Amino acid sequence: MTVTRRRFLVRSSVALAAGVLFPRFPLVAGKAAGEFVELRGGVGLFNGRGGTAGWLLRSDGLVVVDSQYPESATDCLAGLRQRTERRIDALINTHHHRDHTAGNGVFRPATEKIVAHENVPVLQERAAEKEETAGEQTYADTTFAESWRMDAGGEVVTARHYGPAHTGGDCFVQFEEANVVHMGDLVFNRFHPFIDRPAGASIQAWIGQLERVAAEHDRETLYIFGHGRPGFGVTGGREELLVMRDYLTALLQTARKGIDAGKSLDELVRLDLLPGFEEHEAPSPRLSLQANLRVAWEELTVGD
């Protein structure tokens, strides 16, 4: 059965109100300890601080996707420990940004391996040098070029890299039996995304990846998103992937029209709304239509 956004939000709200969502994963009074939500097939998500974390928990398998920041990583690990004493088989980083990797050090002592695309440690180190946080980093010790695969408690977990998109080191993670896919920051659900051009991002390639992922999975596939606007959430189906694709397509088209019309970059970024995508919000100046139009302009005028 397809889990629509409306069904998921209603079901989650009812369960929370009844206090039945993972009773062994309580929220800590007076502390933003985050929220564990079970999806299906032993796969769920954790909402703390940072990009949405995913997890697979079975009697003989434990996998975590993304580690958020140290504080929320501590909450996540503590919650998992209330559920199982099993060592984590793998922590997978979907890309290098701090809100997905800064908690690696918290998970490292309890984890067999940290997995990421081969570009991630390089990009993470480069960003850390710029931000002067090199001493705080814990890097993946298992990397791959195109794909990585493991069996965890009877569930097949795969991570795939289809080229540059949000960064130059993105991967998405599929839990095959559960038919759940963690997209990392390949989807910002109704937020203006961050397009990290200095780290190898490509809007055009990102569009192609979203189309490919949507085509390779069925209509029953449930997706976890790195970020989502309240009211739209961090889970959804193929529709949300295609909305993200259409947003990026419109972004490039708008920049191209401006360039062809002889507009300057300053004139282009005066646009307040992207037609057809009025529901998208800008949580920060870095995640805004204006910032994205600048990146689109650069991609079209400077190239890769």
Helix 120-131 axis, angle to the chain major axis (alpha carbon atoms, nearest 10°): 70
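Using a 1.4 angstrom probe on heavy atoms only, work out the carbon and sulfur share of the accessible area of the stretch 108-257 in %.
Roughly 46 percent of what the probe reaches on the stretch 108-257 is carbon or sulfur.
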C-alpha long axis of helix 203-216 to longest principal axis of the chain, angle in °: 50
Average accessible area per residue (Å²) across the chain - probe 1.4 Å, nucleic acids and ligands excluded: 44
Gain in span if fully extended, K263 to E129, counting 0.36 nm per residue against the direct Cα distance: 44.6 nm
Sequence-separation-based contact order of the chain, relative, with Cα cut under 8 Å and 6+ spacing, percent: 14
Aspartates and glutamates whose Cα lies under 15 Å from that of K257, excluding same-chain neighbours fewer than 8 positions away: D266, E267, E298, E299
Area of W297 that stays accessible when all protein chains are in place (1.4 Å probe, Å², to 10): 50
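Which net charge results for the neighbourhood of K113, defined as the other residues with beta-carbon distances under 9 angstrom from its beta-carbon, given Lys and Arg at +1 and Asp and Glu at -1?
-3
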Which of K130, K257, K263, K113 is most accessible, then next, and so on - probe 1.4 Å: K130, K257, K263, K113
Heavy atoms of R238 accessible to a 1.4 Å probe, total area in Å² rounded to 10: 60
Of all DSSP beta bridges in the chain, antiparallel share, percent nearest 5: 65
Rounded tilt (10° steps) of 238-260 against the dominant C-alpha axis of the chain: 20
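The values are calculated or read from the model by the stated rules, or taken from the named source; none is laboratory data. It should be emphasised that the depicted structure is a prediction, and the values quoted were computed from it without experimental measurement. Methodologically, a virtual Cβ is constructed for each residue, glycine included, from the backbone with ideal geometry; neighbour enumeration extends over all protein chains shown. The area values use the complete protein model at the heavy-atom level, side chains included, leaving out ligands, DNA and RNA. Shrake-Rupley method; radii C 1.70, N 1.55, O 1.52, S 1.80 Å.
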